[in-house]
1. Ranked by Cβ crowding within 10 angstrom, fewest neighbours first, how are 85, 178 ordered?
2. Relative contact order (percent) for the stretch 132-219, with alpha-carbon contacts under 8 angstrom and 6 or more residues of separation?
3. From the Cα gyration tensor of the stretch 146-224, with a ≥ b ≥ c the square roots of its eigenvalues, which class applies: rounded if a/c is under 1.5, or else prolate if a/b is larger than b/c, or else oblate?
4. Find out how many positive minus negative residues lie around residue 56, taking Lys and Arg as positive, Asp and Glu as negative, among other residues whose Cβ is under 12 Å from that of residue 56.
5. Would you grab the residues whose amide H sits under 5 Å from the one on residue 194? Only those 5+ places off in sequence or on another chain, please, with H modelled 1.01 Å from N.
6. Once a ≥ b ≥ c are taken as the square roots of the eigenvalues of the Cα gyration tensor of the stretch 127-179, is the result rounded (a/c under 1.5), prolate (a/b larger than b/c) or oblate (a/b not larger than b/c)?
7. When a/c reaches 1.5 or more, the comparison of a/b and b/c decides; with that in mind, is the stretch 12-123 rounded, prolate or oblate per its Cα gyration tensor?
8. Only loop residues by DSSP count here, and only those with at most 13 other Cβ atoms within 10 Å; note down the GluC sites (Glu not before Pro) in the stretch 1-73 that meet that.
Amino acid sequence: MDEIRPFEFMQCETILKATGKKAGSLRELRDVIAKVSDNSLIHHTYQYFLKGHILEHTNDFAHWAGVYLEERALSEHLSFIDPYTCADVGDLRQELLGTIDRYLENFPEPREVMPGDAFFFNETIMIIAPSGLKAKNLAEFLIAIKYIDTSSIYYHFYEARRRLGHRSDDFSQWFEDTLQKEDLAARIRAIDPFMHNSEGIREHISLAVEEAVRQDMEVMGVER
């Protein structure tokens, strides 16, 4: 029997860098989005859930448009953009620009923000390192997932979707490929990344794994 490949929990640290670019109006935001670095777009979209923002929005642009520009309809349209369905950052850039352009066609004179409420474009350097935790089975995974740092949840559930490129994540990949737990993998993949923060994702994964462990115990005839 082949030895099971353990799941190694990684964690990430981010170093924030200012780009020196900012926007005080929607048109300025649009112009900077058109030319800012890919890393800056990644920071303000993919990495939104690493920052612990509220779930009313799904990226920094939508948050700023709704809170500071008070353009709530635009904020909603921007929140509908799913970066994980985009082929690459260039595709995401065009989605953002197209959404803003369509809005400006209907509302050509949006308000400017109050002084001090400009949007500042930043980017991050992400450092990935082992957490020191590994799991060889579901029981060990369940213990680890309950206590692992939230940055690990982000890396394996959110960041993995960009790395793997097919709307999957590291957790479900391991359940399916290594443990042959297709049903559990499908349940994890079905968790909507935009409906929960990292702690919510942790809770849903924990509940799904607990149920899988319980089912395994029942199959083996182990009494609880």
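Just so you know, all these numbers are worked out from the coordinates, no wet-lab data involved. Computed from a predicted structure; not experimentally measured. We place every Cβ from the backbone using ideal geometry, glycine too, and count neighbours over all the protein chains shown.
1. Going from sparsest to densest Cβ surroundings: 85, 178.
2. 30
3. It is prolate, given that a/c is not under 1.5 and a/b is the larger ratio.
4. Summing Lys/Arg as +1 and Asp/Glu as -1 gives 0.
5. Under 5 Å from the amide H of residue 194: no residue qualifies.
6. Because a/c hits 1.5 or more and a/b fails to exceed b/c, the stretch 127-179 counts as oblate.
7. Since a/c stays below 1.5, the shape of the stretch 12-123 is classed as rounded.
8. Counting only loop positions with at most 13 other Cβ atoms within 10 Å, the GluC sites (Glu not before Pro) in the stretch 1-73 are 3, 56, 70.
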